[in-house]
1. When DSSP assigns beta bridges and you keep just the ones with both residues in the chain, what percent turn out antiparallel, to the nearest 5?
2. Quick one: if the Förster radius is 22 Å, what FRET efficiency do residue 101 and residue 48 give, using the C-beta to C-beta distance and rounding to 0.05?
3. Can you tell me the equivalent ellipsoid semi-axes for the range 3-102? Use √(5λ) from the Cα gyration tensor, largest first, whole Å.
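All of the numbers you see were taken from the coordinates with simple rules; none came from a lab. Computed from a predicted structure; not experimentally measured. In this analysis, Cβ positions are derived from the backbone assuming ideal geometry, glycine residues included, and neighbour counts consider all displayed protein chains.
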Amino acid sequence: MSQEEDFVLLESSDGYTFVVSRKVAEASGTLKSMLDEEANFEEAKNKTCRIQQRGVILLKVIEYLAYKVQYAEFNAEDIKEDFSDRIDPYIALELLTAADFLEA
């Protein structure tokens, strides 16, 4: 199975588990490093990353990473939807902290 077809598990601190394509997960610099097989991290061996964020925050980060991968080849003018419209103001600060840690 090629790396693009590979899937990994992302686990939140409150017990939610998300199945995510490796390509989407590796859009995060931190997750890419954690999943690098040459680095011999436990996460790479198990294909599971525990993220110390609530499930609702991790879900929104995953949604953004998928958005980032989907629109990677587009110019900014060609993108019709703005991702910031999807962010609930009540989680914005927590989401910013998570995105910073994950280098998303």
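1. Details: 5 of 8 bridges.
DSSP beta bridges in the chain are roughly 60 percent antiparallel.
2. Numbers: r = 18 Å, r/R0 = 0.80.
The pair residue 101/residue 48 has a calculated efficiency of 0.80.
3. Details: eigenvalues 106, 64, 22 Å².
Output for the range 3-102: semi-axes of 23, 18, 11 Å.
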